[in-house]
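The values are calculated or read from the model by the stated rules, or taken from the named source; none is laboratory data. Because the structure is predicted, anything quoted here is derived from the model rather than measured. When we count neighbours, we look across all protein chains shown, and the Cβ atoms used for this are built from the backbone with ideal geometry, even at glycine. The area values use the complete protein model at the heavy-atom level, side chains included, leaving out ligands, DNA and RNA. Shrake-Rupley method; radii C 1.70, N 1.55, O 1.52, S 1.80 Å.
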Amino acid sequence: MSSFLDKLHDTFIVDDRWKYLANGLKTTLIITVFAVMIGMVLGFLIAIIRSTHDKTGKLKFLNLLAKLYLTVIRGTPVMVQLLIIYYVIFASVAIDKTVVGILAFGLNSAAYVAEIFRSGIMSIDNGQFEAGASLGLNYRKTMMYIIMPQAFKNVLPALANECIVLLKETSVAGYIALNDLTKGGDIIRSLTYEAFLPLIAVALIYLTIVLILSSLVSALERRLAKSDRG
């Protein structure tokens, strides 16, 4: 027991090495929060473009661009996208690595959020559009006041799960030497030559956050199911 406590002390307490995890966690959460915001906004816009084309046949060029974007982003690993954005697109630009991480993960998430939103919109019966037209609403107002509230409610749990997936995907941010949570654990490992404790600590932190978010998603799903029954 004393030996284990000594290892804990040497791994995390000596030279305040726990700060690598604390600072890494802060970076991970910042990237996740802002990437989620980018993913939600951009994904929503792409979903509107694609569903509008599917419903009305309009926005053909924008729909073509959206499909190309989705094909490229969904068809390539997020780690490769991160490396391309940092080492190719911003190769000659002095830019904060955290910003690069936010952009990379945000753009990646947007592709998946777009399909989630689009599936929600397309799941709404066409009779709802007809109901909007009978009320004198044009397509835009029908989408805004009738379709989107129902679609958003349907896809909310899936969007919440996408946030959890995004959080875990940020663990590859260290490939551009960004000091995120995973990188923090790796730095401690390189300093102490002890792999077990720092990596287990990183895993437990991720697991704790995911369990908290998952419980929130479950509570949200129960609440939505209850409101549907009501």
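For the reader, a short list of remarks on this structure follows.
- Restricting Lys67, Lys168, Lys153, Lys141 to those that are touching a residue at least 60 places away in the same chain (Cβ under 8 Å), on the phi < 0 side of the Ramachandran plot and of a type outside the set (Ser, Thr, Tyr) reduces the list to Lys153.
- Counted residues, the stretch 143-156 - those being of a type in the set (Phe, Trp, Tyr) and under 25 Å from Phe105 (Cα atoms): 1
- For the stretch 114-201, the helices (runs of 4 or more DSSP H) that sit wholly inside it and include 2 or more residues that are at pLDDT below 85 and of a type in the set (Gly, Ala, Ser) are 126-134.
- Among the residues making up the stretch 97-116, those that are of a type in the set (A, V, I, L, M, F, W, C), open to solvent by 10 Å² or more (accessible area, probe 1.4 Å) and in contact (Cβ under 8 Å) with a residue 40 or more places away in the chain are Ile102, Leu103, Leu107, Ile116.
- The test for being in contact with a Phe, Trp or Tyr (Cβ under 9 Å, 6 or more places away or on another chain) and without any contact (Cβ under 8 Å) to a residue 12 or more places away in the chain does not hold for Ala173.
- Cβ-Cβ contacts under 9 Å between residues 6 or more apart (or on different chains), taken from a first residue in the stretch 193-212 that is touching a residue at least 24 places away in the same chain (Cβ under 8 Å) to a second residue that is among the basic types (Lys, Arg) and open to solvent by 30 Å² or more (accessible area, probe 1.4 Å), are listed as Glu194/Lys7; Leu197/Lys7; Leu197/Arg189; Pro198/Arg17; Pro198/Arg189; Tyr206/Lys168; Val210/Lys168.
- Test: Phe12 is open to solvent by 90 Å² or more (accessible area, probe 1.4 Å), over 21 Å from Val155 (Cβ atoms) and more than 23 Å from the chain's Cα centre (by Cα): no
- Looking across the stretch 177-207 at every residue that is closer than 22 Å to Ser109 by Cα and hydroxyl-bearing (Ser, Thr, Tyr), the one that is least open to solvent (accessible area, probe 1.4 Å) is identified as Tyr206.
- Taking the criterion of being among the hydrophobic types (A, V, I, L, M, F, W, C) and more than 27 Å from the chain's Cα centre (by Cα), the residues of the stretch 189-204 that qualify are Leu191, Ala195, Phe196, Leu197.
- Qualifying residue in the stretch 157-176 (condition: more than 18 Å from Phe105 (Cβ to Cβ), open to solvent by less than 50 Å² (accessible area, probe 1.4 Å) and among the hydroxyl-bearing types (Ser, Thr, Tyr)): no
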